[in-house]
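Take a look at the structure set out below.
What follows is calculated from the coordinates using simple rules that are stated; it is not laboratory data. Everything quoted here is computed from the prediction, not taken from an experiment. Cβ coordinates were reconstructed from backbone atoms using ideal geometry, including for glycine residues, and neighbour counts include every protein chain displayed.
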Amino acid sequence: MAAPKDIRYLNPPTAEAKKKKYCRFKKSGIKYIDFKDPDFLLKFVNEQGKLLPRRLTGTSLKFQRKVAQAVKRARHLSLMPYVADLLK
Amino acid sequence: MEKRYETVFILTPVLSDDQAKEAAKKIKKTITDLGGKVVNEENWGLKKLAYPIQKKTTGFYHLIEFAGEGEAIVNNLEVTYKRDERILRFLTVALDKHAVAYADKRKGRVAEAKTKKKESANA
């Protein structure tokens, strides 16, 4: 097997600048996530209407749970779809 | 200890306007009968649903915020929701302190938006 040393990449693996993710709720001081305004919640949902994971949005655990609960309530009231395509 | 609740319900679009108003009034009356105090009420009117409910794609949305004592008020309210066939869907939520602060701020924002609309209307 080629030892890792002599594997030569076509172009050097640029360590993609690791953007320090932050929790937007802590930073902007939002305390309550309202389930009644769907356009704000659309930011936390991908095109198919599924919830985005924390590693992408960078939100803290406490607020990710609040976002999840708000999105599920909005879905119950059909302010947001359960499944969708090209939601954005 | 008085707790704040918020309930949103969707009325079937088949109703005429005054029937919809009458249904909303009926819900408000049941809340006040059960000893609750209605704090805020909003009527979002006819809105498109994200997915069809009972084969209907639109519905009248109503929001009512009220304060009440004890759980009985919510249980009885939900019983009346289940009995009334004009209501497609409902959701009752208890508000914690952050939610109450947000709701009051939102009430101010909505009232201010309404006055702005009125000014622009007659300006």
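With R₀ fixed at 35 Å, the C-beta to C-beta distance from B:Q54 to B:N122 puts the FRET efficiency at about 0.30.
Loop-resident GluC sites (Glu not before Pro) (DSSP state other than H, G, I, E or B) in the stretch B:44-75 with no more than 16 further Cβ atoms inside 10 Å of their Cβ: B:E69, B:E71. Peptide B:45-58 has a mean shielding of 2, counted as Cβ atoms of other protein chains within 10 Å of each residue's Cβ. Mind listing which trypsin sites (Lys or Arg not before Pro) in the stretch B:24-123 are in a DSSP loop and have 10 or fewer other Cβ atoms within 10 Å? Here the trypsin sites (Lys or Arg not before Pro) that fit, given the DSSP loop and packing criteria, are B:K55. Taking a ≥ b ≥ c as the square roots of the eigenvalues of the Cα gyration tensor of the stretch B:59-100, is the shape rounded (a/c under 1.5), prolate (a/b larger than b/c) or oblate? Cα axes put the stretch B:59-100 in the oblate bin.
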